[in-house]
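**Student:** I am attaching a structure below and will ask some questions about it afterwards.
The values are calculated or read from the model by the stated rules, or taken from the named source; none is laboratory data. These numbers were taken from a predicted model, which means no experiment stands behind them. In this analysis, Cβ positions are derived from the backbone assuming ideal geometry, glycine residues included, and neighbour counts consider all displayed protein chains.
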Amino acid sequence: MSENWIRICAADEIDEEDVKRFDHDGKTYCIYNTPEGFFATDGLCTHEDQHLSDGFVFDTVIECPLHQGSFDIRTGEALTAPVCINLETWPVKVEEGTIFLSVGDKT
Ligand code: FES
């Protein structure tokens, strides 16, 4: 696994069942706080590139705000139409109350 961890924010800056957008090196990511912990995925919907950070998180699912397609936050799996292409997922860790993202290795 890459040691290239990027600081995102304090863990308490993302409410439970909420999502935060993070832009880095020309790419957009989403960081989620779920009942199963923190996760990260690509930030754009695989259907029509809508920002998922404007979507709705419930449990471990993100619903796209544009056409209501949904993904499993933990795995990136496309769950409901019209999405059919999975999201990439990325490693996240929390240390001393701070969230870090590694974009060097996909999960
Ligand atoms: S852009 Fe996300 S479901 Fe269409």
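**Student:** Here are some conditions: (1) at pLDDT below 95; (2) more than 15 Å from LEU101 (Cα to Cα). ASP25 meets all but one. Which one does it not meet?
**Tutor:** Among (1) at pLDDT below 95; (2) more than 15 Å from LEU101 (Cα to Cα), the lone unmet condition for ASP25 is (2).
**Student:** Kindly indicate whether any position in the stretch 39-49 is out of contact with any Lys or Arg (no Cβ under 8 Å at 6 or more places or on another chain), farther than 19 Å from LEU66 by Cα and surrounded by 15 or more Cβ atoms within 10 Å (Cβ to Cβ).
**Tutor:** Yes, the stretch 39-49 has at least one match.
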